[in-house]
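A short worksheet on the structure shown next.
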Amino acid sequence: MTKPLLSINDMSIVFTSPDEPDIEAVRQVDLTLTPGKTLALVGESGCGKSVTARAVLRLLDKNADIRTGEIVYDGRDGQVDIARLKPDSTAMRSIRGAQISMIFQEPMSSLSPVHTIGNQIDEIIVLHEGLKPKQARERTIALLDQVGVPGARDRANAYPFELSGGLRQRAMIAMALACTPKLLIADEPTTALDVTTQAQILDLLRQLQDDFGMAMLFITHDLGVVAEIADDIAVMYLGDVVEQGDVFEVFKTPKHPYTQALMSSVPQLQRKADRVRLQPIKGTVPSPKDRPVGCSFTSRCPHAFGPCAGTRPERTQVSEGHMARCHLLTHTKEEALV
Amino acid sequence: MLRFVFRRLIAMVLTLWAVSFVAFAIIQLPPGDYLTTYLATLSSNGDRVDPATIEALRQQYGFGEPYIVQYWKWISGILGRGDFGQSFEWKAPVTTLIWGRLGNSILVEGLAVLVMWFIALPIGIYVAVKKYSLGDYLATVAGFIGLAIPNFLLALLLMYLSFVWFGTTIGGLFSSEFENARWSLPRLWDFFSHAWAPILVLATAGTAELIRILRANLLDELKKPYVTTARAKGLPEWKVVLKYPVRVALNPLVSTIGWLLPALVSSSVIVSVVLNLPTAGPLLLRSLTSQDMYLAGAIIMLLGVLTVIGTLISDLLLAWIDPRIRYGSK
C-alpha cells in the first residue's frame with residue numbers, strides 16, 4: 001500500500017457561540033487519502049462533510065475550533081499537522097492553493113463577479129510560482145484549454161457571468177489545478193449543474209486525476225456520482241464517519257445499518273413488475289445537541305439494542321480496508337437480541 | 001462603452017433642460033417679484049417712489065410677461081451669450097457674482113468629500129473585518145456622535161475651542177490680503193490654514209455615514225463563497241479582503257457620489273454662514289429671501305448641473321469597476 005498523503009485522525013470540530021451551547025459538528029473523523037485515489041465523502045446535508053473538508057484547508061469560520069485530533073499532511077516539506085497550524089500563517093498559506101486546493105459547489109458565487117476568470121487564475125500562479133503576469137496568463141490559457149474551455153484565449157478575459165455554469169466550473173477546476181496540487185478537494189462540484197454537464201465534469205476530473213496523479217477528496221450526497229468517480233467511500237452521519245472502505249465492497253456489502261438504509265433508498269431502473277417500494281429511513285436527523293452519547297444513528301436504527309445509545313462503537317475492521325463503527329459487529333447476535 | 005457614454009450624455013442634456021424649466025418656475029412661485037420686495041424696503045425706510053419709475057423697471061425686466069416668454073429670454077441668454085441675467089440686489093451680472101463663490105464651494109466641498117473617503121474607507125474596512133471588537137465599538141460610538149452632532153454646532157465648537165486654546169479665530173477661507181489675489185503658493189497655504197476647519201466640519205457627518213454603509217456592505221460580502229475561494233488560493237488575509245469583498249462593497253458607495261456634491265452644497269449653507277465662508281450656499285439663501293430671481297435661478301441651475309455631472313461621473317465609475325453594469329447596458 002502506498003504511503004498516505006493526508007490522514008485525518010480522530011478529528012472533532014466544535015462551533016462556539018456566545019449565546020448558545022457549543023455544537024460539535026464533527027465528532028470523530030478518521031480519513032486517509034492516498035495519491036492517485038479518490039475518496040468520496042458521502043452524507044446528508046449538515047452531517048459535517050463540508051466542515052471536514054474545509055478543516056483540511058483551515059478555511060473554517062473563526063468560531064469553529066478543531067478540538068481534538070490531527071490532520072497529518074505529508075507534503076513537500078515533510079509531515080505537518082495542519083490542525084496545529086494557524087489559519088493565516090505562511091505555512092498554511094503555502095499549502096493552500098499550491099499543494100491542496102479546492103473546488104466549490106456553486107461556481108457562480110464562488111468566483112468573484114467583478115474580476116475576469118483569467119485574472120483570478122493568474123493570481124494563484126503569480127502567488128505560488130512567482131511567474132510574471134504575462135507568463136502566468138499563458139499558463140492560464142493552457143490550463144483553460146486543458147479543462148476544455150473552448151476559445152481559451154478569449155474566455156480568459158470573460159467575466160463569470162458571461163459563461164455558462166459548466167464553463168464556470170471548468171474555470172474553477174483550472175484555477176484549482178493551476179499549481180498542480182497533490183490533493184484536490186471537491187465540495188459537491190456537480191450539485192449545481194444539470195446531469196449532462198455533471199457527467200462531463202466528472203469525466204474531466206477523472207481524466208485530470210490520471211494526468212496529474214493527485215489524490216482527490218470528493219464530497220457529495222449523490223451515490224450515483226460516487227459510483228462513477230470514487231475508489232474509496234466514507235459515509236458520514238451526524239458528525240461521525242460510520243463506515244468506510246472500498247467503494248464496491250461498501251456498495252455490495254454495507255455493514256452499518258445507516259449505509260444499508262442508504263443503499264436501499266436508492267431508486268433503481270426496473271421493469272414495472274419487479275418494482276419495489278423504496279424504503280425510507282424512518283424518522284429525521286436529530287440536531288447535534290440531541291445526539292445520543294453513543295452511536296449517533298441510534299434514534300433511527302432498526303437494530304438498535306443495549307449499548308447503542310450509551311457507548312460509542314469502536315472502529316471495527318470488517319475486511320482489508322473496510323471499517324465500520326457499529327456494535328452489531330462486535331457483539332454477538334444473541335447479545336443483540338437480549 | 002462609447003455608446004454607453006453617449007446615451008448618458010443625451011439623457012444628461014434632457015435632464016438639464018427639465019431642471020432649468022423647473023428651477024425657473026420655482027423661483028417665480030412666491031407671490032410678487034423683486035420689485036415688490038424692493039418697494040417694501042424703500043417704503044419702510046420712508047422713501048417714496050414714483051409709480052412710473054416702477055412701471056418702467058417692470059417693463060425693462062419683463063416682469064409682466066408670461067412665464068414662457070420670460071423663461072425663453074433667460075434660457076436663450078444663457079445658451080446664446082453665457083449671460084445668466086442681472087442680479088437686482090447686487091446690481092451686477094450674475095456671472096461675475098457666482099463663479100468665484102461656486103468655485104470656492106466646489107473646492108471646499110470636493111476636499112470634504114476626499115477627506116471623508118480617506119477617513120471612512122480604512123475605518124469602514126477595519127470595523128467590518130474586526131466585527132464586535134473594541135475598535136468596532138469605539139468607531140461605532142464615534143461615528144454616531146459625529147452623525148448626531150449638527151454641523152453648525154461642531155463649527156461653533158471648533159471656533160470656540162480654537163479661540164480659547166490658540167487665541168485665533170477661524171472663519172472665512174482667506175486672509176484679507178489674499179482675498180482677491182491670484183492663486184499662488186502662499187495663497188494656497190493661506191487657504192489651507194483657513195479651510196481645514198470647514199472641511200473637517202463638513203466631512204464628519206458624511207464620514208460616519210460612509211463607515212456605517214461600508215461596514216454593512218462589507219459584512220454581507222465577507223460571507224460570500226468567492227471570499228473563501230480567494231482564501232483557498234493561499235492569499236494573505238489582507239489581500240483577500242482588499243481585492244475581493246471590498247471591491248464589490250464599494251459599488252453602492254460609488255453610486256452615491258452623484259448626489260454627494262449638491263447635498264454638501266445645500267447642507268453646508270448654515271456652516272458657511274456660521275464660519276463666514278464665501279461659498280455659494282449663503283448667496284443662494286440671500287437671493288431667495290430677496291427674490292433676486294436671476295441670481296437664485298442661476299445657482300439652482302448650476303446645482304442641477306453639478307448633480308447631473310456627479311451622477312454621470314458615478315455612472316461611469318460604476319461601469320468601470322463593475323463589469324456587470326458595463327456589459328448589461330450594451
Given Cβ charges of +1 for Lys and Arg and -1 for Asp and Glu, the option among B:ALA11, B:THR36, B:GLY46 whose Cα lies farthest towards the positive end of the dipole of region B:2-94 is B:ALA11
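Hey, got the dipole for region A:90-181? About the Cα centre, +1 on K and R Cβ, -1 on D and E Cβ, debye to the nearest 20?
Numbers: 10 positive and 8 negative charges, 30 e Å.
Here region A:90-181 has a charge dipole of around 140 debye.
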Hydrodynamic radius by Kirkwood, which averages 1/r over all alpha carbon pairs of the protein assembly as shown, in angstrom: 30.8
7 Å from Cα along Cα→Cβ at both B:TRP183 and B:ALA263: what's the point-to-point distance in nm? 2.7
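Whenever you get a sec, compute what percent of the accessible area on region A:109-178 sits on carbon and sulfur atoms (1.4 Å probe). Intermediate results must be reported in sequence, preceding the final value.
Numbers: 1290 of 2590 Å².
Here carbon and sulfur together make up 50 percent of the probe-accessible area.
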Two-decimal Rg/Rh of region B:1-56 from alpha-carbon positions, Kirkwood Rh? 1.41
Of all chymotrypsin sites (Phe, Trp or Tyr not before Pro) in region B:1-93, the ones in DSSP coil with at most 12 other Cβ atoms within 10 Å are none
Rounded to 0.05, the calculated FRET efficiency for the beta carbons of B:TYR137 and A:LYS3 at R₀ = 51 Å is 0.50
Estimated FRET transfer efficiency when R0 is 41 angstrom, pair B:ARG7-B:ILE68 (beta carbons, to 0.05): 0.90
What spacing in nm lies between the two simple spin-label points modelled at A:GLU314 and B:PHE166, each 7 Å away from Cα in the Cβ direction? 8.0
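Roughly speaking, to the nearest percent, how much of region B:101-328's 1.4 Å accessible area is carbon and sulfur? Mind dumping the intermediate values first?
On the way: 7720 of 10600 Å².
Of the solvent-accessible surface of region B:101-328, carbon and sulfur hold 73 percent.
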Compute the length gained on full extension between A:PHE212 and A:SER17: take 0.36 nm times their separation in residues and subtract their Cα-Cα distance, giving the result in nm to one decimal. 66.1 nm
Using a Gaussian network model on chain B with a 10 Å cutoff between Cα atoms, which of B:THR279, B:THR256, B:THR168 fluctuates the most? B:THR168
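Mind checking which helices in chain A clear 20 Å along their axis (Cα) and have mean Kyte-Doolittle hydropathy of -1.0 or more, DSSP H runs only?
Numbers: long enough: A:195-212 (25 Å, -0.11).
Flagged H segments are A:195-212.
Report, in order of residue number, the helices in chain B meeting two criteria: a C-alpha extent of 18 Å or more along the helix axis, and a mean Kyte-Doolittle hydropathy of at least 0.5; treat each whole DSSP H run as one helix.
Working: long enough: B:2-28 (39 Å, 1.72); B:67-81 (21 Å, 0.24); B:94-129 (51 Å, 1.68); B:134-148 (21 Å, 1.44); B:151-166 (21 Å, 2.04); B:185-222 (47 Å, 0.70); B:257-275 (26 Å, 2.15); B:293-321 (41 Å, 2.12).
Counting only whole DSSP H runs, the qualifying helices are B:2-28, B:94-129, B:134-148, B:151-166, B:185-222, B:257-275, B:293-321.
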In region B:159-188, which chymotrypsin sites (Phe, Trp or Tyr not before Pro) are in a loop and have at most 15 other Cβ atoms within 10 Å, using DSSP for the loop call? B:TRP183
When you take every Cα atom in region B:101-328, what is the radius of gyration, and what is Dmax, the widest Cα pair distance, in Å? 20.3, 66
Relative contact order of region A:109-178, pairs being alpha-carbon contacts under 8 Å that are 6 or more residues apart, as %: 43
What distance in nm lies between label points placed 7 Å from Cα along the C-beta direction at B:LEU147 and B:THR256? 0.9
Could you identify which residue out of A:LEU85, A:LEU223, A:LEU31 has the top mean-square fluctuation in a GNM of chain A using Cα springs shorter than 10 Å? A:LEU85
Cα gyration tensor of region B:2-94, axes a ≥ b ≥ c as square roots of the eigenvalues: rounded (a/c below 1.5), prolate (a/b > b/c) or oblate? prolate
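With every protein chain left in place, what is the accessible area per residue of the protein assembly as shown in square angstrom, probe 1.4 Å?
Working: 32890 Å² over 668 residues.
Roughly 49 Å² per residue, with all protein chains present.
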Relative contact order of region A:79-234, defined on C-alpha pairs under 8 angstrom at six or more residues apart (%): 27
Per-selection metrics, chain A (Cα): Rg and Dmax in Å: 21.2, 73
Could you tell me which of A:VAL318, A:ILE281, A:HIS331 has its Cα farthest along the dipole of region A:256-337 towards the positive end, charges placed at Cβ (Lys, Arg +1; Asp, Glu -1), taken about the Cα centre? A:ILE281
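In Å² (nearest 100), what accessible area is buried between B and A, both sides summed, heavy protein atoms only, 1.4 Å probe?
Working: alone 18530 and 16570 Å², together 32890 Å².
Approximately 2200 Å² gets buried when B meets A.
Count neighbours as other Cβ atoms within 10 Å of each site's Cβ, and list the trypsin sites (Lys or Arg not before Pro) in region A:52-116 that are DSSP loop with at most 14 such neighbours. Walk me through the intermediate numbers first.
Working: sites: A:ARG54, A:ARG58, A:LYS62, A:ARG67, A:ARG76, A:ARG84, A:ARG93, A:ARG96; in loops: A:ARG58, A:LYS62, A:ARG76.
Taking region A:52-116 and a limit of 14 other Cβ atoms within 10 Å, the loop trypsin sites (Lys or Arg not before Pro) found are A:LYS62, A:ARG76.
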Return the percentage of antiparallel bridges among DSSP beta bridges fully within the protein assembly as shown, rounded to the nearest 5 %. 60
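Return a whole-number percent for the relative contact order of chain B, with Cα pairs under 8 Å and 6 or more residues apart as the contact set. Let's see the in-between values first.
Numbers: 330 pairs, mean separation 89.8, N = 330.
Worked out over chain B, it gives 27 percent.
The values are calculated or read from the model by the stated rules, or taken from the named source; none is laboratory data. Worth saying up front: this structure is predicted, and the values here are computed from it rather than measured. With ideal geometry, Cβ positions are generated from the backbone for all residues, glycine too; neighbour counts draw on all protein chains shown. The protein model used for the area step is the full one, side chains on, heavy atoms only, and it has no ligands, DNA or RNA in it. Shrake-Rupley method; radii C 1.70, N 1.55, O 1.52, S 1.80 Å.
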